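Worksheet: one structure, shown below.
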Amino acid sequence: MELDSLLRKATEIENQTVAVAAAEDEEAIEAVVGAIDRNLANFLLFGDKEEIVSIFDKIDPGAMKNSKIKIIHARSKAIAAENAVKAVKLNEANVLMKGDVPTATILKAVLNKEYGLRTGGVLSHVAVFEVPGYERFTIITDTGMNIAPDLQQKAEIIKNAVAIARQIGIAKPKVAPLAAVETVNPAMQATLDAAALTAMNKRGQIGGCVVDGPLALDNAVSVFAAEHKGISGQVAGQADILLVPTIEAGNILYKSLIYFAKAKVGAVIAGAKAPIVLTSRTDSAESKLYSLALALCSASK
């Protein structure tokens with residue numbers, strides 16, 4: 001599947017609004033302009049108004065005249081983040097997007113007890129990849145939030161990813177908890193957690209999906225590899241969601257797909273009151289646009 005399908009899906013959803021924190025960021029503005037051109041959403045841009053206008057003048061001076069864009073001046077990046085989060089909290093926006101603001105600053109606002117977006121669950125990073133030569137989306141989680149999640153956190157991470165997958169059209173996602181091997185080894189915690197998650201799924205504690213593991217990466221994504229090793233089941237070779245054991249494993253897999261496989265990606269933080277587009281400074285405007293589309297699709301009910 002192609003990430004462009006998310007752009008098309010997002011255009012069919014009406015009355016969506018994105019609050020951008022510290023919008024004085026060239027790549028973020030490029031993504032906003034791209035989204036406006038495709039009629040994806042309305043935008044509330046919080047930040048230094050003079051800098052934001054200057055970036056628009058550089059990229060697309062006419063875009064500021066569009067009624068879908070509103071600039072709200074903020075004296076600092078922290079205030080911009082706070083006001084953007086409050087806009088989502090007050091249902092003035094459906095999606096929160098990070099601009100030129102440190103991740104720690106925007107997450108501090110998101111986690112604020114008074115006006116933040118916590119729901120009581122785990123926040124996790126969900127990345128949807130379009131990998132060349134691969135016929136389905138590859139969803140990887142968690143590559144950016146939880147360092148070494150325990151069993152209960154992994155269960156929550158799966159639930160977050162399943163919710164995203166279902167919103168983009170995967171009715172019953174197949175989830176592979178990854179490990180270095182496909183057998184349970186008491187010396188390898190990832191295999192123990194994978195087996196427990198599989199059991200939790202069978203007992204109905206993790207619903208809306210099929211979980212089977214532990215699986216090594218090759219057995220999770222390649223039918224040939226799974227058959228060669230005699231591994232059967234609904235998930236083997238057909239995984240939609242890859243649950244990584246640690247943030248290091250996820251980060252390496254994420255960047256390997258981008259830099260070696262030339263994959264395209266859109267990603268969100270899930271588990272909050274609304275999807276959060278928390279892209280990296282090195283992410284392209286295209287990736288930010290795909291992330292916006294993913295967030296808009298995820299925000300629709």
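Every number in this text was worked out from the coordinates using simple rules, so none of it is lab data. Computed from a predicted structure; not experimentally measured. Methodologically, a virtual Cβ is constructed for each residue, glycine included, from the backbone with ideal geometry; neighbour enumeration extends over all protein chains shown.
Quote the charge dipole size of the chain about the Cα centre in Debye, to the nearest 20; the model charges only the Cβ of Lys and Arg (+1) and of Asp and Glu (-1).
Working: 32 positive and 33 negative charges, 176 e Å.
Rounded to the nearest 20 debye, it is 840 debye.
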statement: Filtered hits (aspartates and glutamates, Cα-Cα < 16 Å from K229, offset >= 8 within chain) -> E182, D212, D218
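Determine, from the Cβ-Cβ distance of N15 and D218 and an R0 of 35 Å, the FRET efficiency 1/(1 + (r/R0)^6), rounded to the nearest 0.05. Before the final figure, lay out each step's value.
Details: r = 44 Å, r/R0 = 1.26.
Computed FRET efficiency for N15 and D218 comes out at 0.20.
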field: Simple label model, 7 Å out from Cα along Cβ direction - N91 to Q152, nm
entry: 3.1 nm
query: Looking only at segment 207-249, which residues have a backbone nitrogen under 14 Å from a spot 7 Å from the Cα of A180 in the C-beta direction?
result: 216-217, 245-246, 249
statement: If the chain between D37 and M1 were fully extended at 0.36 nm per residue, the gain over the current Cα-Cα distance would be 10.7 nm
message: Which order do the peptides 89-99, 264-274 come out in when sorted by mean C-beta neighbours inside 10 angstrom, highest first?
response: 264-274, 89-99
message: Taking the Cα centroid of segment 120-157 and of segment 56-93, what is the distance between the two, rounded to the nearest whole Å?
response: 29 Å
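Within 10 Å, count the other beta carbons around each residue, average over each peptide in 5-14, 72-81, 53-62, and list them highest first.
Working: 5-14: 16.5, 72-81: 18.6, 53-62: 14.5.
Those peptides, ordered most packed to least, come out 72-81, 5-14, 53-62.
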- prompt: Which FRET efficiency value, to the nearest 0.05, do you get for S284 and I79 by plugging their Cβ-Cβ distance into 1/(1 + (r/R0)^6) with R0 = 41 Å?
  reply: 0.90
message: Along the Cα→Cβ direction, 7 angstrom out, place labels at K255 and Q205. What is the inter-label distance in nm?
response: 3.4 nm
message: In whole Hz and in residue order, list the ³J(HN,Hα) couplings for segment 224-238 that follow from phi through the Karplus curve 6.51 cos²θ - 1.76 cosθ + 1.60, θ = phi - 60°; x for Gly and Pro.
response: 4, 5, 5, 5, 4, 9, x, 9, 10, x, 6, 9, 3, x, 9
